[in-house]
Each structure stands twice: as C-alpha cells, then as structure tokens.
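Here's the structure, in structure tokens; my notes come after.
Only the coordinates and a few stated rules stand behind these numbers; no lab work does. In this text the structure is predicted, and so the values were computed from the model without any measurement. All Cβ positions, even for glycine, are placed from backbone atoms using ideal geometry, and neighbour counts span all protein chains on display.
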Amino acid sequence: MFSFHYNNSRKGNNFSIREKTILKAYSNFYDDKGEKRLKSMRSKRSLLKMVCAAIGITAILSGCGAAKTTNSANGASDGFPKQTITFVVPYAPGGDFDTTARILAPYLSQYLPNKPSVIVKNIPGGNSQVGAENVLHAKPDGYTIGYFTLPGLALGPLIGQGEYDLTKVEWIGQVFNLPYVAAANKKASLKDIDSLKAFPKLRMGTTGITTSAGLGSFIASNELGINPTFVPSGGSSESVLAASQGSVDFVQFPYPAMRQQLDAKLIKPLWVYSKERLKYLPDVPTIGEMGHPELANLINLVGAVGTTPGVSKEHLQVLRDALKKAMEDPKFLDKMNKEYHSPEYLNADDTLKEVKDDIQSLKKYADPIKSTIKK
Amino acid sequence: MGHLVLPALQEFITWPAPLFLMIGVLVGLLFGILPGLGGPQVLALLTPLTFKMDPSSAIVMLIGAMSAIPLAGSLAAILLNLPGHAPSVASTFDGYPLTLKGKGGYAVGASASSALFSAIFGAVVLTLILPFGEKVVLAFSYPEFFMMALAGLSMIVVISKGKSVLKGLIAAVIGLMISFFGFDPITGVTRFTFGSLYLYNGIEIVPALIGLFAVSEGIEMMHQKGSIAGQSPLAAKLTGVGDGVKSVFKNFGVFIRSSAIGTFMGMIPGVGGAITTIVAYGQAVQTSKHPERFGKGEIAGVIAPEAANNSKDASGFVPSLIFGIPSHVEMAVLLGSLTILGIQPGPKLIETDPGKILMIIYALVAGNLITAIIALFIGGYLTKLALISKQILAPVILAISIIGAYALKGEMGDVYVALAFGILGYMFDRFGFPKINIVIPLMVGKLMETSFHQTLLSMGWTGFFTRPISLIILVVVIAVIFFTLRNNKAVKTEREKVGDLSESTKVDGPSAV
C-alpha cells in the first residue's frame with residue numbers, strides 16, 4: 001500500500017531523521033507519494049506550529065487573569081506577599097468599579113512589601129454576587145482580594161438571594177463612596193419633593209431592584225412618599241439617556257454616570273444624597289436640606305475591598321497598611337478625583353461597622369422588595 | 001474644527017505615535033483572532049500602560065488596537081468557522097463555505113478591503129455628523145430599540161428564503177427561548193436558572209456562538225477525511241486575494257448600503273453590533289438577484305457584514321464622544337481609559353478639545369489601513385490552513401474553542417455552554433436545521449423583551465405607533481416580510497409548474513400552506 005523511498009538519495013531529498021519519523025507516522029494517512037507529501041508537509045507543519053502557538057498564547061492570556069495562588073505559607077507573615085495578588089472586580093470592564101480598581105492596583109503594588117503584581121480580574125454576574133462569592137471561597141491566604149458593592153450586596157441574603165455573610169468578610173478598607181444625584185428631564189416641571197408627589201404619572205428610570213441603584217430608587221420613593229412607575233434598564237447610562245430624551249421623568253444615580261448630561265443641561269439636578277453640598281454642584285441642595293437627612297447615609301454607592309475569611313492577622317495587616325498608604329497618596333487621589341470617583345477611605349473596623357449598619361437599615365425594606373419581585 | 005485638520009495630522013504622524021499605532025494594531029490583531037478575547041480585554045490590558053504615556057500616543061495605541069479587532073475576528077470566522085465575537089458571526093455564513101470551496105483567499109481579500117473602505121466611510125460620516133449627533137442619539141428611545149430588534153428578527157424570514165419553513169421556525173423558537181434564560185430585566189424574576197448562579201445572567205452569547213459554529217464543525221471534522229478545501233480544483237492555488245479586493249467594487253451597491261446600515265445603527269447606543277451585521281447580511285440577501293446562492297459561498301454575503309461591522313465601530317463614537325454613553329462594552333472600557341488620560345468625553349469635547357477628536361478619527365482610519373494591509377498580506381498564507389488534514393485540524397479547533405470560551409471570563413460555565421451548543425449545532429447540521437435561525441433570536445431576544453416592557457411602562461402600547469421613527473421601521477419590516485413571502489410563493493409555484501419537486505420543496509409543502 002505504501003511504498004517508502006526515503007532511503008534513496010535523489011537530489012534534494014535530504015530529509016532529517018525527525019522528518020523521516022513523521023513521514024513514517026503519517027504513512028497511514030497518505031498514499032504512495034510520500035516524498036511529495038513530505039515536502040508540502042514542511043509548510044503545513046510550520047502552519048501547524050503557528051496554530052499550536054496560537055493555542056498556547058490564548059491559554060497564557062486567559063491565564064493572565066487567573067494567577068495561581070499555590071504554595072503560599074498560610075499563617076506566617078514571613079515575606080508576604082511573595083507572588084501576584086488578584087484583585088477581583090465583580091463587574092465587566094468599564095464602569096466605576098473596574099476603572100477605580102485599575103487606578104488603585106499599581107498603587108497597592110507599590111505600597112506592598114516586595115512590590116508584587118496586583119492583577120485586576122473581572123468576574124461579572126449576579127449583581128456582583130458571583131465576584132463576591134469568588135473572593136469569599138478563595139484560598140484564605142490573602143492573595144485574592146476583591147471589591148464588594150454596598151449597599152447592593154447587603155440586600156441579597158435579606159431577600160433570599162445569596163447565602164453569603166458580609167460580616168464575615170475580612171475587610172481591608174473602603175475606597176470610594178459615590179453620592180447619588182437626583183435629576184429630572186429639563187422639560188418636566190419638577191423642582192422639589194412636593195412637585196414629584198404632585199406630578200401625574202411620574203416615571204422613574206432605574207436599574208433592577210436588587211442593584212444598588214435600584215435599591216436606592218426604591219428606598220427614596222418609599223421614604224419621600226412619591227409613587228412612580230419604575231422603568232428599569234440594564235445600566236445607569238441607559239436610564240440617564242432615557243431621562244435626557246424624556247422617556248422617563250426622574251432618575252437618581254451616582255454623579256459620574258450623570259455628569260455629561262448635567263453639563264449639557266439635558267437634565268437638571270434636584271438634590272444630592274450627601275451630608276454636604278458637592279463642590280462640583282454648589283447650587284444643588286442636599287437631601288438633608290430637603291428634610292430627609294437620614295437618606296444621605298443610605299443612598300450611596302460604596303466600593304469596599306475585602307478578602308477571604310480566615311486570612312491570617314499578619315497578612316491582613318500587610319494588606320490594610322498598603323491600602324491605607326495608597327489611599328493617602330496624592331497622585332492616586334488626584335487620578336480618582338479627575339474622574340469624580342469620590343475617594344473616601346475607611347479602615348477595616350469602620351468598614352465593618354458600615355456594613356452592619358447597612359444590613360440593619362435595609363431589614364425593614366426586605367419584605368416590600370420581596371413582594372415587589374414576586375409581582 | 002476645520003482649522004485643526006492639519007495641526008492634528010502633524011501631531012498624529014509625529015514619532016513615536018506611529019510606533020504606538022503599530023503596537024496597538026498588532027496586539028489588537030492577536031486578541032481579535034483568538035476567540036473569547038476581544039476589544040474589552042485588549043483595552044483593559046493596555047490601559048495601565050497608558051498612564052505614563054503622553055495622551056496622543058496613548059489614544060493612538062488604544063484606537064489602533066480597537067480598530068484591528070473586527071477584521072481579525074472575521075479572519076478566524078471565515079477560515080475556521082470560529083466566530084470569536086458576536087458581530088463576526090455573520091462572516092461565517094458565507095465566508096466559511098467559500099473556504100470549503102478552496103476560495104478562502106478570495107473571501108479574505110473581500111473581507112479586508114470591505115472592512116477598510118467601510119471604516120473610511122464611517123470615519124467620514126462621523127466627522128460630518130458629530131455636530132448634529134446629539135439630535136440623532138436623543139431621537140432613539142425604547143420603542144425604536146424594540147423595532148430595531150424586530151428588524152433583526154425579521155431577517156430570519158429573508159435569510160430563510162426558499163428553505164424549510166417548519167425547521168426554520170423550530171430553530172428560531174428554540175433560540176428565542178434560550179435568550180429568555182436568566183433573570184427578567186424588568187421584574188427581577190429568574191427563569192430557567194435551575195438554581196445555578198451562572199444561569200442567573202442568562203446564556204452568554206460568545207461561548208454559545210463558539211459552540212454552535214466552531215465546536216460543531218470540529219466534531220463534524222472528526223469523522224471526515226482529507227482537508228477543509230478537500231478535492232476542490234482550486235485547492236491547489238489558494239490565493240485569489242486580489243480578486244477578493246476587486247469583488248468589493250463589483251458589489252459596490254451592497255457595500256455602500258451595508259456601510260450605511262452599519263453607520264446608522266452604530267450611532268444608536270444599546271442596539272449592539274451583532275444585530276447590525278445580521279441586518280446588513282439580510283439586506284444583501286434581499287437585494288441580490290441570486291438569493292439562493294447565500295449560505296453557500298456568495299461573496300456579497302462576506303462583504304455586507306464586514307462593511308457594517310467596521311462602519312458601526314466608527315459611528316459608535318458619536319454617542320460615546322457626545323454623551324459619554326458607551327455604544328458597546330469595548331467603548332465603555334475606552335471611555336474609562338480616555339477619562340484617565342484627561343480627555344472628558346461629553347457634549348463639551350467638540351468645543352474644548354476638537355484636536356483629540358480628530359486624533360481619534362485619524363487613528364481609526366490608519367489603524368484599519370494597517371490591519372487591512374496585514375490581513376491581505378498574511379491572508380494568502382492563512383488560507384493554507386484549509387490544506388491541513390481535518391484529522392489534525394479538528395482537535396486544534398476544539399482546543400482553541402474551549403480555551404477561548406474559558407478565556408472570556410475565566411468561567412467554567414462558559415465552557416459547558418460552548419460544549420452544549422457544540423452538540424446542538426452538530427445536531428442542527430445533521431438534521432438540516434438552519435443555525436442562523438437560532439443565532440438571530442439569541443442575539444436580539446433580550447433587547448426585544450426589555451425594550452418591549454420599557455415602552456409599555458414609560459409610554460404605553462401607543463408608544464410603538466405614535467413615534468414617527470418607530471412607525472417607519474415597523475412599516476419597513478412589514479413590507480420586507482410581505483414581499484419576501486410573496487416572492488417565495490411565486491418561486492414555489494413556478495417550481496411546481498416545472499415539476500421540479502426537489503427534496504426541500506417536499507419538506508416545505510405542508511407547512512407552507
């Protein structure tokens with residue numbers, strides 16, 4: 001079936017031993033034109049090498065985000081951190097959490113002993129629950145840290161979505177606290193809470209009720225006594241666009257999500273959810289001035305960094321010190337402020353206190369939210 | 001902005017900006033050709049590098065990487081049936097059949113030149129429309145989104161011309177059902193999640209596409225002999241890249257219409273690139289004199305999605321630059337990077353920093369130019385992949401597919417989805433169900449459902465009919481469906497008169513009544 005001529009020494013047929021072996025191996029696939037085949041195979045092989053290289057590169061690149069955290073000495077402070085630290089962002093690239101994590105990562109690295117790489121890994125899904133679960137169930141060695149979304153994540157277990165316990169997270173500290181701004185379409189005759197109450201068929205643009213923004217909208221409408229039709233969308237920018245178009249009348253989101261439309265005067269600011277007036281919106285009253293100071297603490301978007309329960313005290317201290325130093329670096333603060341990311345540092349204890357406060361104050365909304373979802 | 005055209009150009013060609021453009025393009029090509037990795041990943045990885053660069057070089061590098069992604073994705077789609085990103089799925093419909101015929105070079109040539117010219121088209125429109133972009137973006141709201149999704153869905157009718165209606169409908173309904181997996185975006189109720197946190201967000205589109213096209217093809221190859229191009233007479237000389245470039249000019253009408261569709265739909269945030277390429281493809285089928293050739297290796301079926309894909313990326317800058325609203329995920333990451341560089345996208349950018357806008361447009365055009373040249377240059381070699389024995393290629397394709405599905409988010413769930421859809425796609429091929437019909441609803445289903453609810457909540461059902469743009473799209477969709485069905489019937493009766501009772505007609509018979 002296969003006549004094999006590789007021993008004859010015709011001109012130009014000086015195949016290497018390796019090629020001969022390959023030729024032999026392929027003799028089952030190919031017919032008696034072995035030599036010709038081998039010549040063409042030389043080019044095919046180089047192609048095959050390219051393809052294999054492509055697989056390798058894909059594997060390496062996909063591995064970039066998931067640096068292995070093996071052979072770490074748990075419990076001993078000697079030389080921690082020795083290798084790459086993974087910083088889990090529970091959302092897809094783009095947006096507040098991703099951007100701030102990418103700004104923060106190099107500063108964390110700089111202030112950690114041994115200056116390890118700090119790699120941002122996006123694990124989106126389930127309103128940031130998937131990312132949180134990943135950090136909670138990582139190996140407790142301190143090499144996996146992550147962003148936790150507040151108050152959104154505090155709601156999950158209260159309404160039976162998610163079985164994690166935020167008070168068990170080993171907190172490293174709070175990075176930012178974004179104030180919400182309430183705004184209305186420029187043509188709608190809205191200026192204060194009373195006009196919202198009186199507005200016929202008020203439509204409020206929001207996101208899903210289990211997200212931080214959706215939760216904020218729900219709480220605000222409850223506490224302010226307005227009764228809008230909620231028009232949810234997949235993200236804050238879609239809702240803010242809808243408010244600019246007049247498809248909805250009223251929205252409230254963190255300032256960075258609305259800045260451009262506010263600048264363009266497509267929407268007009270009504271009030272801000274913070275204790276003091278914002279320096280970039282000096283003429284806009286706070287919710288306290290409108291008579292509801294308690295909402296300033298409840299309606300916000302907080303990014304806090306934590307790690308797996310069970311990480312040793314020594315490792316925790318190293319991480320906490322590094323975050324504190326990074327949060328005090330004027331260059332870091334400058335970058336954060338340039339994007340209006342409202343950096344606000346809280347240490348581990350204060351972060352835990354805030355988490356507990358959030359859970360406590362959300363308890364009373366759990367039942368009404370559950371019934372809203374069931375509807 | 002006019003007086004800045006030359007100074008900005010001078011800045012653009014000043015060393016080291018061209019070097020960074022080149023780096024961006026090469027990294028983009030690498031990421032684009034590998035499934036699962038794409039624009040968002042490449043931009044996220046490049047962003048930290050830009051912190052210490054001067055803004056011009058940084059912009060040029062980021063935009064260069066972005067502009068290389070679509071064509072690179074199409075190369076894998078055409079040559080290996082491996083759509084690494086949702087918008088490149090339409091390139092597999094006719095691109096891969098051409099590769100099967102040994103005409104891979106022809107397809108690559110058409111794809112590269114179509115991509116380049118449409119990017120230029122898009123960039124020119126972008127420059128002209130930026131001052132008026134605000135009005136365009138504000139005019140499209142929930143009802144219009146719904147109608148666009150409907151237009152995407154109606155393409156099923158157009159593309160299935162003359163094929164089994166029953167099988168087509170079954171496939172479409174399966175696709176629509178799968179698109180409803182996960183939590184309801186309006187009420188928050190979860191559907192078909194079976195208690196799995198992975199399914200909470202629904203089926204991820206990219207692994208599903210990788211499965212449907214690449215994995216199923218890999219399985220199919222396992223029990224075949226020979227190479228992809230097989231015994232085709234053209235297999236011996238797999239070039240034809242030049243003919244491919246010429247074909248764009250021969251099909252200039254399709255090219256211009258597709259670029260216009262891409263430019264228009266790209267401007268509207270929230271519509272998504274995948275629908276855009278599908279609509280452009282449907283348009284090519286609809287306007288062709290030989291619709292029956294599509295899906296079997298018609299060059300217009302390669303030109304159309306490619307043109308739409310690249311022009312939409314150019315016009316996607318309209319909402320991003322004017323409103324800071326990202327038109328897709330890639331743009332969201334880019335906006336983040338731009339703000340870190342001190343460029344604030346928004347209504348004031350045209351007044352405060354028009355030079356930077358020009359910079360972006362130049363980089364977009366130059367990036368596409370370099371990408372197209374590289375693609376044309378290596379295209380001829382890459383088509384030789386079609387000469388490798390299927391026995392060798394199949395495991396390679398399967399491995400790349402699975403790693404690609406994993407690379408997307410580093411999530412095992414995505415790998416399972418790719419495998420499950422691989423088996424589904426294989427079954428579809430075996431039993432003659434059209435895979436396109438499952439893909440389209442999968443991509444538009446969620447948008448359709450969400451925008452339908454949003455319209456009802458914010459405007460009531462009259463919102464669909466009282467807004468002029470929404471109404472116009474609806475009328476066009478109905479007209480397209482009507483004429484396609486009427487044509488179908490005419491073709492069928494003609495065939496019956498001649499007595500040509502081919503197998504497909506027999507299958508069609510009962511359901512078409």
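Some observations on this one:
- Segment A:179-290: C-alpha gyration tensor shape, a/c 1.5 cut-off, then a/b vs b/c: rounded
- Judged by the mean number of other Cβ atoms found within 10 Å, the most tightly packed of the peptides A:339-349, A:236-246 leads the ranking A:236-246, A:339-349.
- Residue-wise HN-Hα coupling along segment B:410-420, computed from phi with Karplus coefficients 6.51, -1.76, 1.60 (Hz; x: Gly, Pro): x, 10, 5, x, 5, 5, 4, 4, 4, 5, 4
- Cross-link pairs exceeding 20 Å between alpha carbons, from the set B:LYS289/B:LYS489; B:LYS161/B:LYS435; B:LYS101/B:LYS296; B:LYS161/B:LYS312; B:LYS163/B:LYS289; A:LYS331/B:LYS52: B:LYS161/B:LYS312.
- Simple spin-label estimate for B:ALA490 and A:SER371 in nanometres, 7 Å along Cα-Cβ: 6.1 nm
- For A:TYR91, the residues 5 or more places off, or on other chains, whose built amide H falls under 5 Å of its own are A:ILE123.
- Listed peptides A:197-210, B:44-57 appear in the order A:197-210, B:44-57 once ranked by packing, highest mean of other Cβ atoms within 10 Å at the front.
- Per-residue 3J(HN,Hα) values for segment B:168-179, derived from phi via the Karplus relation 6.51 cos²θ - 1.76 cosθ + 1.60 with θ = phi - 60°, read x, 5, 4, 4, 5, 5, 4, x, 5, 5, 5, 5 Hz in sequence order (x marks Gly and Pro).
- Under 5 Å, built H, 5+ apart or other chain: amide partners of A:LEU270: A:ALA182, A:ALA183, A:ALA184
- Between segment A:261-340 and segment B:112-138, the alpha-carbon center distance in angstrom: 37 Å
- Scanning residues 5 or more positions from A:SER233 or on other chains, those with amide H under 5 Å from its amide H are A:THR206, A:THR207, A:GLY208, with H placed 1.01 Å from N in the peptide plane.
- For chain B, the C-alpha radius of gyration divided by 2.2 N^0.38 Å, with N the number of residues, is 0.95.
- Each of B:THR455, B:LEU80, B:ILE170 was scored by the projection of its Cα onto the charge dipole of chain B, and the greatest displacement toward the positive side belongs to B:ILE170; charges sit on the C-beta of Lys, Arg, Asp and Glu.
- At most 11 other Cβ within 10 Å, DSSP loop - chymotrypsin sites (Phe, Trp or Tyr not before Pro), segment B:93-199: B:PHE194
- Phi angles of segment B:301-306 translate, via the Karplus equation with coefficients 6.51, -1.76, 1.60 and θ = phi - 60°, into HN-Hα couplings of x, 8, 5, 4, x, 5 Hz per residue; Gly and Pro are given as x.
- Exercise: per-residue mean of other protein chain Cβ atoms within 10 Å, A:358-368: 0
- For B:134-140, mean number of other protein chain Cβ atoms within 10 Å: 2
- Shielding score for A:231-241, defined as the mean number of other chain Cβ atoms within 10 Å: 6
- Scattering curve values for the protein assembly as shown, log₁₀ I(q)/I(0), Debye with Cα scatterers, q = 0.06, 0.08 Å⁻¹: -0.42, -0.75
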